[in-house]
Amino acid sequence: SRTLSNIAMIFNTQKKSDSALLYLNEAVKLAEEMQDKPLMSNAYGNISNVYNQLGNYQKAIVYQEKTIPIAEEAGSKYALAITYNDLALNYYELKNYEKAKECVQKTLSIGNETKSLYLVSGAYNTMSQISSAQGDFKNAYEFHKKYAEIKDSLLNEESSKQIAEMYINLFNEIWNRT
């Protein structure tokens, strides 16, 4: 099932949506037969992404909503939060801003609960987009500031890790020469 999903996503990057959907539907069938909830959730999420890229937001929502109970049952808070954020973005595209806010609030809640800066920053970015679309520029600005602060701290943390790894590699290289 995972292999079928990977093949599907290659087709999707090549803009061959029909082939991608064919492989993803096969992946769903296999995952259901194996009763593999994480693979089912992943396949539904990928189907949703294909429909999103095609601009078929309603159909994307249908598959995202299939993902939610599976992610809940599996206890995968991260997958649940990503799904809620993707749902929010699809509702945003359909101009259903209240439903979009409801979904992104769930992402933010899970992000705070799990202390995931990545999820929290994504939620703030989505909230900024929704507020802006509603003409609430003050809140859009505030949400964007929060998003930017977290994004910058994530970049700084990643940069620090990369610099530390470079020093370790350099030290090891020098040490191994002597």
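Data for the structure
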| item | result |
| --- | --- |
| Hits in the range 127-140 (condition: among the hydroxyl-bearing types (Ser, Thr, Tyr) and without any contact (Cβ under 8 Å) to a residue 12 or more places away in the chain) | Ser132 |
| Residue satisfying condition, being at pLDDT below 95, of a type in the set (S, T, N, Q) and open to solvent by less than 60 Å² (accessible area, probe 1.4 Å), within set Ser160, Ser121, Ser131 | Ser121 |
| Residue count for the range 53-62, restricted to those that are in a helix (DSSP H, G or I), at pLDDT 95 or above and not aliphatic (A, V, I, L, M) | 3 |
| Test for Val104: is it under 25 Å from Glu26 (Cβ atoms), at pLDDT 95 or above and either more than 13 Å from the chain's Cα centre (by Cα) or in a helix (DSSP H, G or I) (or both) | no |
| Within the range 76-93, tally of residues that are open to solvent by 70 Å² or more (accessible area, probe 1.4 Å) and either within 16 Å of Glu65 (Cβ to Cβ) or among the small types (Gly, Ala, Ser) (or both) | 1 |
| Options Tyr23, Tyr91, Tyr44; residue that is modelled with pLDDT of 95 or more and in a helix (DSSP H, G or I) | Tyr91 |
| Residue, surrounded by the fewest Cβ atoms within 10 Å (Cβ to Cβ), within the range 42-53, restricted to residues that are within 9 Å of Gln64 (Cα to Cα) and among the small types (Gly, Ala, Ser) | Gly45 |
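The values are calculated or read from the model by the stated rules, or taken from the named source; none is laboratory data. Here the structure is a predicted model, which is why all the values come from computation and not from measurement. Note: ideal-geometry Cβ built from the backbone for every residue, glycine included; neighbour counts use all protein chains shown. The area values use the complete protein model at the heavy-atom level, side chains included, leaving out ligands, DNA and RNA. Shrake-Rupley method; radii C 1.70, N 1.55, O 1.52, S 1.80 Å.
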